[in-house]
1. Give the separation of the Cα centroids, the stretch 259-283 to the stretch 98-141, in Å.
2. Roughly how tilted is helix 169-181, in degrees to the nearest 10 and between 0 and 90, from the longest Cα axis of the chain?
3. Around Thr351, which amide H atoms from residues at least 5 apart in sequence, or from another chain, sit under 5 Å from its own amide H, with H modelled in the peptide plane?
4. Where both partners of a DSSP beta bridge lie in the chain, what percent of those bridges are antiparallel, to the nearest 5?
5. Please say if the stretch 263-326 is rounded, prolate or oblate, where rounded means a/c under 1.5 for a ≥ b ≥ c the square roots of the C-alpha gyration tensor eigenvalues, and otherwise the choice is prolate for a/b larger than b/c and oblate otherwise?
6. Remind me, relative contact order of the chain in percent, using alpha carbon pairs under 8 angstrom and six or more residues apart?
7. Please work out how much length the chain gains when fully extended from Glu344 to Val395, using 0.36 nm per residue of separation minus the C-alpha to C-alpha distance, in nm with one decimal.
8. Roughly how many Å is it from the Cα centre of the stretch 291-332 to that of the stretch 166-200, as a whole number?
Amino acid sequence: MTRILLSSVAAAAVLASAPVAFAQTEIQWWHAMGGNLGDAVNALAEGFNKSQTEYKVNPVYKGSYTETLTAAIAAFRAKQAPHVVQVFEVGTANMMAAKGAVYPVYQLMADAKEPFDPKAYIGPVYGYYSTTDGKLLSMPFNSSTPVLYWNKDLLQKAGLDPNKPPKTWPELGEMAKKAVAAGAKCGFTPQWQTWTMIENYGAYHNLPYATKDNGFGGIDIELKFNDAPRVKFIQMLADWSKDKTFVYGGREGKSTALFNAGDCAFHIASSATASAIDKALGTGKFGIAMMPYSPDVAPKPQNSIIGGATLWVLQGKPAAEYKGVAKFLNYLASTPVQAKWHQETGYVPVTMAAAEVTEKDGFYKKFPGREIAVQELTLNPPTANSKGLRIGNFVQIRDIVDGELENVWSGKKDAKTALDDAVKAGNEQLKRFEAANK
């Protein structure tokens, strides 16, 4: 009996000295990344969860960018919104206009007393998602920019130097024609044509997309991308399509299938496509360079602008939970995490420190060209025309531009008529946005 009593006392002592279990504060993170990128997102959340014990981030895949944004809006109205939602760059103006729904990142960091240094971020990445006076609204996450990819085998078959990419559009045209003449099924195909051939072409040549600093100066704006340089450029591509120097491969990222199949000599696509291209063609079989420029429009390129998405924090949660959100965002922006994310996905690191660490680690020597995206974004200090785009109803406007470009490629319209019509229809969308958000 004495032995049993002693055992009970010992057990009670052990239980008393054991650490008390407590419930972690859960943070809901809705995102739009499936497949391998979804795995990478889950790994980020797991890394943060293991780095501390107070908070637990739950990443939830909600479908495409549009589906994720729609779901978040519906959830906010029903008072069931997540803490954090991933929104693609074309939704920025709409998120800003959602009065009372957004908790700006600069305010979150100040309220949570978390360290936050705006100067640590890559300029064009930070600027795209900031107010005109430099206050960050959403946290840059998966940022990318268009770069030029080329197939070295197809250039070699055409008698061209496989290690010397074109620097200008006239050079690309000549090389693409030679590649087709030597048997290539396609000279050049672009990905996300509205982003690469209209929006980035403008920024790269310091041309305005819209009035009031591309929308950064207000919502009462008009579109300006039907200017003479872009009309000439789009008509040139249409003329190239007659002999397959240019081949339209479909909207969004569909054209990458042509390049990955070895059909096209040149491909302008997101820097985040690098990993997929590497898997398809093999390391060393393709090159990555800066986008070509038109010397008759600008003597040298200005800088590219980003695509991708950011993380928006939504209102309506207890203050204590936002402390965890702030810590999570700081974790995502930390140098080791950003360097790993950049290297594994091809997305641009959001800080210069992460790019510098990646270079010191020898990653760019092992995978030449992966540094091009950062170089392109930081080529020159951004101007009012190359800082980014702050356009309301941007999703609808991109659909309009896509449709009009398809009219050009199919021969239904010339470039001037199509771009004029796109601007007219796009301006109607902007007027609706302005009326709804006055």
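1. Each part reduced to its Cα centre gives a spacing of 33 Å.
2. Once rounded, the angle reads 80 degrees.
3. Ile122
4. Expressed as a percentage, antiparallel bridges in the chain total about 60.
5. Details: a/c = 4.46, a/b = 1.83, b/c = 2.44.
Oblate, since a/c reaches 1.5 and b/c is not below a/b.
6. Answer for the chain is 24 percent.
7. Full extension from Glu344 to Val395 adds 15.5 nm.
8. 28 Å
The values are calculated or read from the model by the stated rules, or taken from the named source; none is laboratory data. Keep in mind it's a predicted model, so treat the numbers as computed, not measured. Every residue, glycine among them, receives a Cβ derived from its backbone with ideal geometry; neighbour counts consider all protein chains shown. Accessible surface is based on the protein model in full, side chains and every heavy atom, while ligands, DNA and RNA are left aside. Shrake-Rupley method; radii C 1.70, N 1.55, O 1.52, S 1.80 Å.
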